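Peer 1: Below is one structure. I have some questions about it.
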Amino acid sequence: MSSGEGLPPLLIHPARLDVALAKRIKLVGFDVDGVLTDGGLYLGSASRDGAHVPFELKRYDVQDGLGMAMLRDCGLKVAIITGRVSESVAMRARELRVDACIQDPQARKLPALRRLCTDLGVELDEVAFVGDDLPDVAVLRAVGLPVAVGNSTPEAARAAHLRLNARGGYGAVREFAEALLYARGEWTDAVERYVKSRSGDAHEGSEVPQ
């Protein structure tokens, strides 16, 4: 049986990435605010034992989460690198089982990425990074595959090899995951593995985070 049998024709956009470049990538990094989210922040406080406890809420896209899981299923390392410290991000990272979650309040993302690459044995030209704003520009200029979301600033867009159509928090991460895996020739098989994992009894398929 062919890998695509039983599925409708593949109608996602044609690959916009060079195949050799796509296949060179070993690590995919994502900014959070404006990439995994729409950039909005909900700040407030709640009362606990008579004390006011501040909290921060963010909105994430489920389809983006599944796209990140598909990247990991295809053997790619996935990292979150953000310049804002938030328990929301830590929770989302645990939920998605990413390989690294770096939260640097000084937004020194490039040094953090260099350290991560050393730990993982990955070169910068084997890294793809998806960003949207000025804190991401240094990373975008350094990696092998710099990507900007549809709502990125002009500075981030100019540093990118690929600018996505979708906005952060609204499918940009999923758009890139599909484009990368499609260019690598892995998307259709990844979809089949996911569908198969959901086609039997609960104990037969592994849990895939979203």
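The values are calculated or read from the model by the stated rules, or taken from the named source; none is laboratory data. As the structure is a computational prediction, the values presented were derived from the model and not from experiment. Note that we place each Cβ from the backbone using ideal geometry, even for glycine, and neighbour counts take in every protein chain shown.
Peer 1: Out of the stretch 21-36, which residues are surrounded by fewer than 22 Cβ atoms within 10 Å (Cβ to Cβ) and either closer than 18 Å to Asn165 by Cα or modelled with pLDDT under 95 (or both)? Before the answer, list the steps.
Peer 2: Of the stretch 21-36, the ones surrounded by fewer than 22 Cβ atoms within 10 Å (Cβ to Cβ) are 21-24, 26, 33.
Correct list: Asp33 only.
Peer 1: From the list Val122, Val98, Val147, Val130, exactly one residue is under 30 Å from Glu192 (Cβ atoms) and over 13 Å from the mean Cα position of the chain (by Cα). Which is it? Show your work before the answer.
Peer 2: Details: Val98 fails: over 13 Å from the mean Cα position of the chain (by Cα); Val147 fails: over 13 Å from the mean Cα position of the chain (by Cα); Val130 fails: over 13 Å from the mean Cα position of the chain (by Cα).
Just a single option satisfies the conditions, and that option is Val122.
Peer 1: Could we say that Arg114 is part of a helix (DSSP H, G or I), out of contact with any Leu (no Cβ under 6 Å at 6 or more places or on another chain) and under 16 Å from Gly168 (Cβ atoms) here? Step through it out loud before you land on a result.
Peer 2: Details: part of a helix (DSSP H, G or I): yes; out of contact with any Leu (no Cβ under 6 Å at 6 or more places or on another chain): yes; under 16 Å from Gly168 (Cβ atoms): no.
For Arg114, the condition - part of a helix (DSSP H, G or I), out of contact with any Leu (no Cβ under 6 Å at 6 or more places or on another chain) and under 16 Å from Gly168 (Cβ atoms) - is not met.
Peer 1: Given the conditions (1) modelled with pLDDT under 85; (2) closer than 26 Å to Thr153 by Cα; (3) among the acidic types (Asp, Glu), which single one is not true for Asp18?
Peer 2: Unmet condition: (1).
Peer 1: Follow-up question, since we're still on this one. Restricting the search to the stretch 163-187, which residues are closer than 14 Å to Phe30 by Cβ and in contact with a Phe, Trp or Tyr (Cβ under 8 Å, 6 or more places away or on another chain)?
Peer 2: Leu164, Gly169, Val173
Peer 1: Also, quick follow-up: When Gly150 is evaluated against the numbered criteria (1) surrounded by fewer than 20 Cβ atoms within 10 Å (Cβ to Cβ); (2) assigned to a helix (DSSP H, G or I), which criterion, by number, is the only one it fails?
Peer 2: (2)
Peer 1: The conditions are (1) crowded, with 24+ Cβ neighbours inside 10 Å; (2) more than 19 Å from Gly40 (Cα to Cα), and Ala138 fails exactly one of them. Which is it?
Peer 2: The one condition Ala138 does not meet is (1).
Peer 1: Right, another one. Consider only pairs whose beta carbons are under 9 Å apart and that are at least six residues apart or on different chains; among these, list those whose first residue lies in the stretch 101-113 and is under 14 Å from Val130 (Cα atoms) and of a type in the set (A, V, I, L, M) and whose second residue is assigned to a loop (DSSP other than H, G, I, E, B) and at pLDDT 90 or above.
Peer 2: Every condition considered, the pairs that remain are Leu113/Val143.
Peer 1: Residues of the stretch 161-183 being among the aromatic types (Phe, Trp, Tyr), assigned to a helix (DSSP H, G or I) and under 18 Å from Asp33 (Cβ atoms), which ones?
Peer 2: Phe176
Peer 1: Moving on to the next point. Which of the residues spanning the stretch 42-97 are acidic (Asp, Glu), under 22 Å from Leu140 (Cβ atoms) and in a loop (DSSP other than H, G, I, E, B)?
Peer 2: If we filter the stretch 42-97 for residues that are acidic (Asp, Glu), which is where we start, we get 49, 56, 61, 64, 73, 87, 95.
When the remaining residues are screened for being under 22 Å from Leu140 (Cβ atoms), the result is 61, 64.
The one that is acidic (Asp, Glu), under 22 Å from Leu140 (Cβ atoms) and in a loop (DSSP other than H, G, I, E, B): Asp61.
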